[in-house]
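Chemist: Sharing a structure with you now.
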Amino acid sequence: DADTGAVEMVRYAAVDDVGRAINPLIVDGQTHGGIAQGVGQALMEDCTHDGNGQVLAGSLIDYAMPRADQFPGFELEFNPVPAPSTTLGVKGGGEGGATAAPPALINAIVHALSEFGVRHLDMPATPERIWRAIDRTKSSKGE
């Protein structure tokens, strides 16, 4: 939303290689959790410190976390390539979502903001940061 900087995620698709999935339902849940963790990092988790390095968030009340109602249904596929280095051929199940979500989401936001001339956005991409990025480009064009 160009007026508020709010982001609405309308689609999320991913393909992951988790090796041999012993319990596909658990792997699916781990992947969902990893994506949620990555989205939280990309959009809202700002770990601020004071001058001595002390984290300023006293509890989860002070620290934003994503909620289920902020996500679309995930479109997930798995490309299982058994790991040759493990007896069962398994690999990590949730890391792919947590690793891929921040750059995927930030790239999608920057792409959406390209019409405003935005080419870079630091994480977390809070509504305020997005709004300010749009406002800066408008100001530099004299709008």
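Chemist: I'm trying to understand the selection: among the residues of the stretch 98-143, which are touching a residue at least 40 places away in the same chain (Cβ under 8 Å), open to solvent by 90 Å² or more (accessible area, probe 1.4 Å) and under 30 Å from Asp17 (Cβ atoms)?
Modeler: Within the stretch 98-143, Thr99 is the sole residue that qualifies.
Chemist: Being at pLDDT 90 or above, open to solvent by less than 70 Å² (accessible area, probe 1.4 Å) and under 20 Å from Ala108 (Cα atoms) is the filter here; which residues of the stretch 34-69 pass it?
Modeler: Gly34, Ile35, Ala36, Gly38, Val39, Gly40, Ala42, Leu43, Met44
Chemist: Scanning the stretch 70-102 for residues that are touching a helix residue (DSSP H, G or I) at 6+ places or on another chain (Cβ under 8 Å) and part of a loop (DSSP other than H, G, I, E, B), which turns out modelled with the highest pLDDT?
Modeler: Phe71
The values are calculated or read from the model by the stated rules, or taken from the named source; none is laboratory data. All values derive from a computational prediction rather than experimental measurement. Cβ sites come from the backbone with ideal geometry, for glycine too, and all protein chains shown count toward neighbours. Protein only, heavy atoms only, side chains kept; ligands, DNA and RNA dropped before computing areas. Shrake-Rupley method; radii C 1.70, N 1.55, O 1.52, S 1.80 Å.
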